[in-house]
Structures are given as structure tokens and as C-alpha cells.
Amino acid sequence: MFLEKMSIDHFRNYDHAELAFSQGVTLFLGQNAQGKTNVLEAIYTLAMAKSHRTSTDKDLIQWQHDYAKIEGRIHKRGQSLPMSLIVTSKGKKAKVNHLEQKRLSHYIGNLNVVMFAPEDLSLVKGSPSGRRRFIDMELGQMLPVYLYDLTQFQRILQQRNHYLKRLQTRKTTDTTMLDVLDEQYSELAVKITLKRRDFVEQLAGYAIPIHSQISRETETLQISYDSSVNLTVTNTADEFNQVREQLLEELVQKRAREIDRGLSLIGPHRDDLSFIVNERNVQVFGSQGQQRTTALAVKLAEIDLIFKETNEYPLLLLDDVLSELDGHRQTHLLNAIQGKVQTFVTATGVEGIHHQTLANATCFNVDNGTINRMDEVDNDDR
Ligand SMILES: Nc1ncnc2c1ncn2[C@@H]1O[C@H](COP(=O)(O)OP(=O)(O)OP(=O)(O)O)[C@@H](O)[C@H]1O
Ligand SMILES: [Mg+2]
């Protein structure tokens, strides 16, 4: 798939911009704070109905305005598909093919994107909640029903925690409501956990060989989904039911502790992902470079996984990362995307960017919320 056109209104520092893109590499060049990340954020938000860098939608609206609008035309499977997203302080309106989508889970997934930004190092270095968010976003764009289940789970989790708090503070002593909640809670918790576990296994299948190539076969990566729910079963054909039974039993065993804490202690909201390089957790022991290679391998793996699941390559958004990758890693990246993946890159200058990337790229100059096509990039400065 590729994004043919995009127009943005009152989005961040853009009053209005209209852009037409080619299928290959698009480079946004400009000084700091001119709007380079904002334009990638607009593409990401068009795809995911959510920013990659804020959970406060209102921040996306240009100051002193009351809405932001992003419209795009996607080309996939030989057809053009218009998408639009309007953000107001009251909520979002998302349209595909001019039809409003009442559920965002029906909107997300029409346009697939993979973003690689400096913050993505936190995928490896950061907190478990960031890694869970990563899984949720990526799984959600491949499998919209997952987002629906996740929302349901979060609702039950909130109700369950609320009830546990009431028991903790002795506002009630009746636990029958908890039994009812546990039925729904266990079903959704296991659904989410197994989907995440499968996603991580598939992602690892792609990421491991990519990682090995980037590290020139000097390092081996392992990725595991660390679940708080016991996933060992004796009969894999009946996995869902077995895992659910185990969870229900454990909820009974832990009930006193959960009431004591006023919190749900077992479930996908407590899970994590570990990246192990050469037998050691790269989060704890990895060098900056090893962490970056791991994050890059995971992102490139996502491209392959999305292709496998949807039969279309996603868009790749590279914010400020190209010049941070050494020659070998850049070459690897370019080979991986060459001719298949529409790629958007931001940089403050052309230094550090592979000449081959530049030669094939369409360049835009970004200056204080305006974007202009550049005919020629001055290669001589390099
Ligand atoms: N809601 C908003 N309304 C208006 N301007 C905004 C809004 N949000 C952010 N900005 C402005 O957008 C500007 C550009 O931000 P952006 O992050 O895109 O810069 P950049 O070109 O990526 O810079 P850098 O090279 O430093 O990463 C910032 O100066 C910021 O003040
Ligand atoms: Mg930026």
C-alpha cells in the first residue's frame, strides 16, 4: 500500500498543507522545530487514530483552533481509498471511503504504518507499560478485533479493581459480584494474553534472523512474552479453556491478597516482553548500540509480519533515526525496504544519509509549518 496524497489542517504547527507522495523514499529536511516530526505524526495519526507521542489528542490541534483534520488517499490492491480523521476537543470522527466509522477498531488497520523514532529505544530500555502499548498498537492494526477485546478487558479490569477497592476498604463484604466479574475477566484476560503471546512468537520469528544479519552474525536475539497468567498446558488443542481454568483457580488462591491490595494482580496488564541478546537481557546489560539494533530488528520484523497478515507492506516512518545508524545498518535497512515499502524520513541535513537513499528520494523542505518540494538536494555538502 502507499499514501498518494495527504492534506492537513490545523494540525500542530501546520495551518494547511497539501502533499502528494511518490512510492519510494520521501525525505523531509529542515531545521529543528520546523514541523518534521509533526508531518510524520500526521501520517501516523491518520493510520492509527492516535499519535505516537501523546495520548492527549487535543495537543494535535493547532493552538487557538478548535479542530485538526487529516485527509489521505491510500492506494492498495489497485484501488484508491480515502481516509479522514477529525480531532476536536470533544472527540474524533474517523471516515473510510467517506463513511463514518463509529468504532475506531473498524477504522484502524486500513492504513498500516511502522514508525521508528528515537523514542523507540524505550521499547527496549523503557518500562513494561511501553512494551505492552507497543504490542497493543501493532496487534491492533493487524487484527482490529483485538482492539475491541482490549477495550472490553480494560472495562472489566476497571470494574474489578473498583470492586476490590470496595472490599479492601470494607464498603462491602459481599464477594458474589467478584465471582461474576471473574467469569468475564478470565475470558478476556486469556484472549488478550494468548493473542499477545502468538504475536510475540511470530514477531520473534522475523526479528531473530534480521537481528543476526544486522549484527553480522555476532549476536543472537531471543524475545519472550513474560505472562503473569500461567500458560503451560498439557493439551494444546484445549489451550484456551485450560489456561482459563488455571487463571480462575489462581484468582481464588490470590483473592485475599487482591482484596488486601485493592488491585487485580494477574492479567495482561501486568505482562512484559523481554529482549535477550547473547543470553543476557539487553534492557539491563545491553550497550546503546545493541539496544538500537534490537529495536531496529523488531521494527523491520513488523514490516514482514504486517505483510504476512495483510498481504500489503505498511508505510515506514523514520523520524530522526537514519543519520544515527551507521553505514552497515543503513544499508541493511535500505535493502530490506527497497522497492516495496513507501518510506518517509526526517533529517536536519543530508550529512550521514547514504547517497543511494538520497539519489532515489523525493525531498521536501520543512520550514515553520510550511512544506515545499525541493527539486535538487545539494549533494556537494556531504
Ligand atoms: N498544537 C500545536 N500548535 C501549534 N504549534 C505546535 C503545536 N504542537 C507543537 N507545535 C510546534 O511545532 C513545532 C515543530 O515541532 P516538530 O516536533 O515537528 O519539529 P521538528 O522539525 O521535528 O524538530 P526537531 O528537528 O527538533 O525534531 C514546535 O516548535 C512546537 O512548538
Ligand atoms: Mg523532530
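The values are calculated or read from the model by the stated rules, or taken from the named source; none is laboratory data. Computed from a predicted model, the values in this text were never measured in an experiment. Using ideal geometry, Cβ is built from the backbone for each residue, glycine included, and neighbour counts are taken over all protein chains shown. For accessibility, only protein heavy atoms count, side chains too; no ligands or nucleic acids. Shrake-Rupley method; radii C 1.70, N 1.55, O 1.52, S 1.80 Å.
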Cut-off under 13 Å on the C-alpha distance; same-chain residues fewer than 8 positions from K76 excluded. Which aspartates and glutamates are left, in chain and number order? E4, E312
Between 0 and 90°, nearest 10: helix 176-214 axis offset from the chain longest Cα axis: 40
Give me the one-decimal nm value for the distance between modelled label points at Q31 and D179, 7 Å along each residue's Cα-to-Cβ direction. 7.0
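So for region 105-227, what are the equivalent ellipsoid semi-axes in whole Å, largest first, each being the square root of 5 times an eigenvalue of the Cα gyration tensor?
Those come to 35, 17, 13 Å.
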Based on Cβ point charges of +1 for Lys and Arg and -1 for Asp and Glu, what charge dipole magnitude is obtained for region 129-175 about its Cα centre, in debye rounded to the nearest 20? 380
At what distance in angstrom do the alpha carbon centres of region 340-367 and region 26-64 lie from each other? 18
Hey, got the dipole for region 1-62? About the Cα centre, +1 on K and R Cβ, -1 on D and E Cβ, debye to the nearest 20? 200
Take peptides 90-97, 36-43 and line them up by average Cβ neighbours within 10 Å, highest first, as a rough protection proxy. 36-43, 90-97
What is the spin-label model distance, in nm, from H106 to A20 if the labels are put 7 Å beyond Cα along the C-beta direction? 3.3
Amide H contacts under 5 Å for L317, restricted to residues at least 5 apart in sequence or on another chain and with H modeled in the peptide plane, are V114, M115, F116, F344
For W63 and E249, compute 0.36 nm times the residue count separating them, minus their Cα-Cα distance, and round to one decimal in nm. 61.7 nm
For region 128-309, what % of the accessible area comes from carbon and sulfur atoms, probe 1.4 Å? 49
Residues with amide H under 5 Å from that of R12, placed H, sequence gap 5 or more: I61, Q62
How far is it, in nm, from the label point at S127 to the one at T362 when both lie 7 Å from their Cα along the line to the Cβ? 4.0
Could you derive backbone 3J(HN,Hα) for region 251-260 from the dihedral phi with the Karplus parameters 6.51, -1.76 and 1.60 (θ = phi - 60°), listing whole Hz in sequence and x where the residue is Gly or Pro? 5, 5, 4, 8, 4, 4, 5, 5, 5, 4
Which residue, chosen from L167, I276, Q184, occupies the Cα position most advanced towards the positive end of the dipole of region 128-309, where the dipole is computed from +1 (Lys, Arg) and -1 (Asp, Glu) charges on Cβ about the Cα centre? L167
Residue-normalised accessible area of the chain, given per residue in Å² at a 1.4 Å probe: 47
Vicinal HN-Hα couplings computed from phi for region 65-70 (Karplus, 6.51 cos²θ - 1.76 cosθ + 1.60; Hz; Gly/Pro x): 10, 10, 8, 10, 10, 10
Quick calc, region 128-309, dipole around Cα centre from Cβ unit charges on Lys, Arg (+) and Asp, Glu (-), nearest 20 debye, gives 840
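For F307 and E217, FRET efficiency with R0 = 35 Å and r from the beta-carbon atoms, rounded to 0.05? The partial results should precede the final answer.
Details: r = 24 Å, r/R0 = 0.69.
Efficiency at R0 = 35 Å is approximately 0.90.
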Region 196-244 and region 103-121: distance between their alpha carbon centers, rounded to Å: 22
For a quick protection proxy, order the peptides 68-77, 292-301 by their average other-Cβ count within 10 Å, most packed first. 292-301, 68-77
In the neighborhood of M83, defined by Cβ-to-Cβ distances under 9 Å, what is the net charge if each Lys or Arg adds +1 and each Asp or Glu adds -1? +1
Mean Cβ-within-10 Å packing, highest first, puts peptides 159-172, 329-342 in the order 329-342, 159-172
Would you pull out the residues with amide H under 5 Å of K5's amide H, same chain only if 5 or more places away, H placed 1.01 Å from N? F21, R73
Would you mind checking the pairs K92/K299; K5/K195; K254/K299; K95/K299; K58/K340 and listing those with alpha carbons more than 32 angstrom apart? K5/K195; K254/K299; K58/K340
At 0.36 nm per residue, minus the direct Cα-Cα distance, what do Q168 and L263 gain on full extension? Give it in nm, one decimal, please. 33.3 nm
Taking θ as phi - 60°, what are the ³J(HN,Hα) couplings along region 137-151 by the Karplus curve (6.51, -1.76, 1.60), each to the nearest whole Hz, with x for Gly and Pro? 5, 6, 5, x, 6, 8, 9, x, 4, 4, 5, 5, 4, 5, 4
